[in-house]
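What follows is one structure encoded as structure tokens, with my remarks underneath.
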Amino acid sequence: MDARTLIKDRLPSRHVTEGPTRAPHRSYLYAMGLTKEEIHQPLVGVASCWNEAAPCNIALMRQAQAVKKGVAAASGTPREFCTITVTDGIAMGHEGMKSSLASREVIADSVELTMRGHCYDALVGLAGCDKSLPGMMMAMLRLNVPSIFLYGGSILPGSYRGRQVTVQDLFEAVGQHSVGAMSDDDLDELEQVACPSAGACGAQFTANTMATVSEAIGLALPYSAGAPAPYEIRDRFCYTAGEGVMRLVRDQVRPRDICTREAFENAATVVAATGGSTNAGLHLPAMAHEAGIAFDLHDVAEVFRRTPYIADLKPGGRYVAKDLFEAGGIPLIMKTLLEHGFLHGDCMTVTGRTLAQNMEAVRWNSEQDVVRPANTPITPTGGVVGLKGNLAPEGAIVKVAGMEKQRFSGPARCFDSEEEAFAAVSRREYREGEVLVIRYEGPRGGPGMREMLSTTAALYGQGMGDKVALITDGRFSGATRGFCIGHVGPEAAVGGPIGLLRDGDVITIDAVAGTMEVELTDGELDERRSAWAPRPSAFGSGALWKYAQTVGPAEKGAVTHPGGTEEVRAYADV
């Protein structure tokens, strides 16, 4: 595409590159080796969450180079920059997890500020870990410049004594080890083979769930979110994305043209159909908030309720992301959902075609058993369910994929932090049939709404994963399985009912009916609330203190600013 065909005076980069007054600005660009032609072409931000914190991010810089080649081939000028990532697998089980959800906001904010400060015209964003995927897509929707999202790809499965394994097996092995069911040597052997390559955790945990969202919502190229990180085909997707974003610049197709209310419904549908992470119930509302679209936890849950569960993926099923890609990828799932009326086919995508047009070339693969046709599902309703009741007036969420028992009733055993709960589980200080309550872990009370994988995995390792239930105002990892209810709202820190519970209160959870109740009258709850007092924050300053001052309820996505509805002018229109 000839850059001269673009209307430069309508692009943000004109504020940096055009006219005599911008000679000082251009001098900096010459200092980095740009030519006059490159300076006057559209400037495309190539943002990645590359770091050496974990394997999910380690391949992003290599992939960014392929993106830049594609941008340049289409007469654009790529400008690479990095932002942060907090990797959940390493932050899990200790205070570091408080930084995880807050990092989503920092990623979105830092990408926004870099794009605004340097007046870039378009964005290709690469991300590889749980919060970096929604954070990057939130930035795209907030800025509303032409954008394409790229997932860094999943890790390959490990092999342990002839058995395919993921990091989920390792977390559960910690529980087995704690009760003497696994030796030190066996645990050491497993930890060295569970994660054999670059890439994000390989099952339908949060990273792969949000990667699935990126294709379903239309921000990623078809098939691009499925290829594992080590596969060389990823570089071809990246090059094509670089070329493709220049077409979006030319046609001025923006993220909010793509991510409509119907597109968010498509994304929630694919999450439910794959038995995806409950964290999608937090991230989809946050993404919608950036675009000024009302789409909260209850809207997500309604889509989940009407969607069949069709993909046999871990943690509740048998297969990992590599298997899904080789069976036909995310388009295979979307094709059968579209054919049976579960997707809006007229939604626009970054290809310049509608979702239905993208699916025309997709053929059903009858030789695979990873994905079932939508008319013969694993179960007729989605693998993730929303709950509501007097214990969760603002809602809660549970993953039921792979669960046979979907109703649970038992006495509460309350813990005021994850550490307290994990210590009790490690010492077997709980009973079969109890509901373990982990509270003061919400967005504000944590702060940071930690994930509880260490505790749930330990329970499974002890053989008790299906014999107790857990509820929390925090979150559960995408790798969590069992009767684990997260996002309970209002959270304990603001006086929500979960903060009023006492040991022995009988809690009943019904995932079929979508309810969660405690056997207390309104009067009893009011009496306890009058005696309740807020707890002091564990943080008096710093990033987590600042986060706690601004973060909203999980029901709305735990967002930290007013969002698209209060926007005066989108960055793309400067």
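The values are calculated or read from the model by the stated rules, or taken from the named source; none is laboratory data. Just so we're clear, the structure is a prediction, and the values are computed from it rather than from any experiment. Ideal geometry is used to build each Cβ from the backbone, glycine not excepted, and the neighbour counts take in all protein chains shown. Quick note on the areas: whole protein, heavy atoms, side chains included, nothing else; ligands and nucleic acids left out. Shrake-Rupley method; radii C 1.70, N 1.55, O 1.52, S 1.80 Å.
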Computed, not fitted: 222 nm per-residue ellipticity of the chain from DSSP H runs ≥ 4 (each -39500 (n - 2.57)), nearest 500, equal to -11000 deg cm²/dmol
For CYS484, enumerate residues with amide H under 5 Å from its amide H, sequence gap 5+ or separate chain, H modeled in the peptide plane. LYS399, LEU470
In whole Hz and in residue order, list the ³J(HN,Hα) couplings for the stretch 211-225 that follow from phi through the Karplus curve 6.51 cos²θ - 1.76 cosθ + 1.60, θ = phi - 60°; x for Gly and Pro. 5, 4, 4, 4, 6, 5, 7, x, 8, 10, 5, x, 6, 5, 8
Using θ = phi - 60° and the Karplus relation 6.51 cos²θ - 1.76 cosθ + 1.60, list the HN-Hα couplings for the stretch 47-58 in order, rounded to whole Hz, with x at every Gly or Pro. 9, 9, 9, 4, 6, 9, 7, 6, x, 5, 9, 5
Quick one: dipole size for the stretch 421-491, taken about the Cα centre, charges +1 on Lys/Arg Cβ and -1 on Asp/Glu Cβ, in debye to the nearest 20. 100
Kirkwood Rh in Å, taken over the chain so that all alpha-carbon pairs contribute: 23.9
Please report the Cα spread of the stretch 445-506 along all three principal axes, rounded to whole Å, starting with the longest. 34, 28, 12
Provide the percentage of antiparallel DSSP beta bridges, counting only those with both residues in the chain; round to the nearest 5. 45
Have a look at the DSSP beta bridges in the stretch 393-500 and tell me what percent are antiparallel, nearest 5. 20
Residues whose modelled amide H sits under 5 Å from the amide H of ARG79, counting only those 5 or more places away in sequence or on another chain, are VAL44, GLY45, VAL46
In the stretch 498-560 the accessible area split gives carbon plus sulfur, as whole percent at 1.4 Å, a share of 52
At most 16 other Cβ within 10 Å, DSSP loop - trypsin sites (Lys or Arg not before Pro), the stretch 495-532: ARG502
How would you rank 193-204, 426-437, highest first, on the average number of other Cβ atoms within 10 Å across their residues? 193-204, 426-437
Name the lysines eligible as straight-distance cross-link partners of LYS405: C-alpha to C-alpha under 20 Å, and not fewer than 8 places from it in the same chain. LYS314, LYS388, LYS467
Dipole magnitude of the stretch 19-152, debye to nearest 20 (Cβ charges: Lys/Arg +1, Asp/Glu -1, about Cα centre): 360
³J(HN,Hα) computed for each position of the stretch 376-383 - Karplus, 6.51 cos²θ - 1.76 cosθ + 1.60, integer Hz, glycine/proline x: 10, x, 5, 9, x, 10, x, x
Rounded to the nearest 20 debye, what is the charge dipole size of the chain about its Cα centre when +1 sits on each Lys and Arg Cβ and -1 on each Asp and Glu Cβ? 1560
Using alpha-carbon positions, what is the distance between the centroids of the stretch 110-174 and the stretch 366-443, in Å? 25
Checking a compactness column here: for the stretch 297-369, what do you get for Rg(Cα) / (2.2 N^0.38 Å), N being the number of residues? 1.20
Name the residues whose placed amide hydrogens come within less than 5 Å of the amide hydrogen of GLY389, ignoring near sequence neighbours (fewer than 5 apart) on the same chain. GLY395, MET516
Helix 329-339 versus the longest principal axis of the chain: what is the Cα-based angle in degrees, 0 to 90, to the nearest 10? 80
When only Cα pairs under 8 Å and 6 or more residues apart are kept, what is the percent relative contact order across the chain? 15
To the nearest Å², the heavy-atom accessible area per residue of the chain with 1.4 Å probe amounts to 37
Go through VAL145, GLN176, CYS238 and say which Cα lies farthest out towards the positive end of the charge dipole of the stretch 145-254; charges sit on Cβ, +1 for Lys and Arg, -1 for Asp and Glu. VAL145
May I ask you to list the aspartates and glutamates whose Cα is less than 16 Å away from that of LYS546, ignoring any residue fewer than eight positions away on the same chain? GLU105, ASP109
Can you find, among GLY281, LEU187, MET210, the residue sitting farthest towards the positive end of the charge dipole of the chain, where Lys and Arg contribute +1 and Asp and Glu -1 at Cβ? MET210
When averaged across all projection directions, what area in nm² does the alpha-carbon convex hull of the stretch 30-84 cover? 4.1
Identify all lysines with a Cα-Cα distance to LYS8 below 28 Å; exclude those on the same chain that are fewer than 8 residues away in sequence. LYS36, LYS68, LYS69
What percentage of all Cα-Cα pairs in the stretch 68-226 are separated by more than 19 Å? 61
Test of understanding: what is the full-extension gain from GLU189 to ARG163, defined as 0.36 nm times their sequence separation minus their Cα-Cα distance? 8.1 nm
Given 0.36 nm per residue, what is the gain on full extension from ARG502 to ALA31 after removing their alpha carbon distance, in nm? 163.0 nm
Hey, any idea what % of the stretch 189-280's accessible area is carbon plus sulfur with a 1.4 Å probe? 49
Which of the listed residues, MET32, THR83, ILE58, is farthest toward the dipole's positive end in the stretch 1-136, when Lys, Arg count +1 and Asp, Glu count -1 at the beta-carbon? MET32
The set of cysteines in the chain having no other cysteine's C-beta under 4.7 Å reads CYS49, CYS82, CYS119, CYS195, CYS201, CYS238, CYS259, CYS347, CYS414, CYS484
